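I have placed the structure first, in the form of structure tokens, so that the comments after it can refer back to it.
Readers should treat all values here as calculations from the given coordinates under stated rules, not as data from a laboratory. As the structure is a computational prediction, the values presented were derived from the model and not from experiment. In this analysis, Cβ positions are derived from the backbone assuming ideal geometry, glycine residues included, and neighbour counts consider all displayed protein chains.
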Amino acid sequence: MRRRLGPPPMERAALLWAWYQWSGVKRKRPDLRSAGHLPAGSRGVRIEFEIDDGRVLLSDFDLWHYVLNYWYLPVSEADGDAFLRELQERGLSFYTAKP
């Protein structure tokens, strides 16, 4: 993070995780009524803020889960198929073999 963004503006600055774009180009803000954001019946708020582009590190929400869950991230569908075949040949499971 320091290499990409530089040092924090303050010694004890906290990082802020946020959506830049939620669902396609036309839906920038997440719909808090959608499943997965809050427990059913709970109320939530969205906070809008401004920040210089140079202080932002964008990542893909869905692809981040590959890293988070120790999943193999194939470079193509063929690569993914080859990886799964190799695991199968060795009797391993992509979903259960984690550190």
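Here are the numbers for the structure shown:
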read-out: Spin-label pair Asp53/Ser23, simplified geometry with 7 Å Cα→Cβ offset, distance in nm; value: 2.8
read-out: Relative contact order computed over the stretch 1-80 (Cα-Cα under 8 Å; 6+ residues apart), in percent; value: 20
read-out: For the chain, projected area of the alpha-carbon convex hull averaged over all directions, nm²; value: 10.4
read-out: Ranking of Leu57, Leu5 by count of other Cβ atoms within 10 Å, fewest first; value: Leu57, Leu5
read-out: Alpha carbon centroid spacing (whole Å) that separates the stretch 54-79 from the stretch 23-38; value: 20
read-out: Trypsin sites (Lys or Arg not before Pro) restricted to the stretch 1-48 and DSSP loop, no more than 15 other C-beta within 10 Å; value: Arg12, Lys26, Arg27, Lys28, Arg33, Arg43, Arg46
read-out: Charge dipole magnitude, Cβ of K and R +1, D and E -1 - the stretch 1-61, Cα centre, debye nearest 20; value: 160
read-out: Extension gain, Ala14 back to Met1 (0.36 nm per residue minus Cα-Cα distance, nm); value: 3.5 nm
read-out: Overall dimensions of the stretch 29-82 as given by Cα atoms, namely Rg and Dmax in Å; value: 16.6, 45
read-out: Extension gain (nm, one decimal) between Ala35 and Glu77, 0.36 nm per residue minus Cα-Cα; value: 12.3 nm
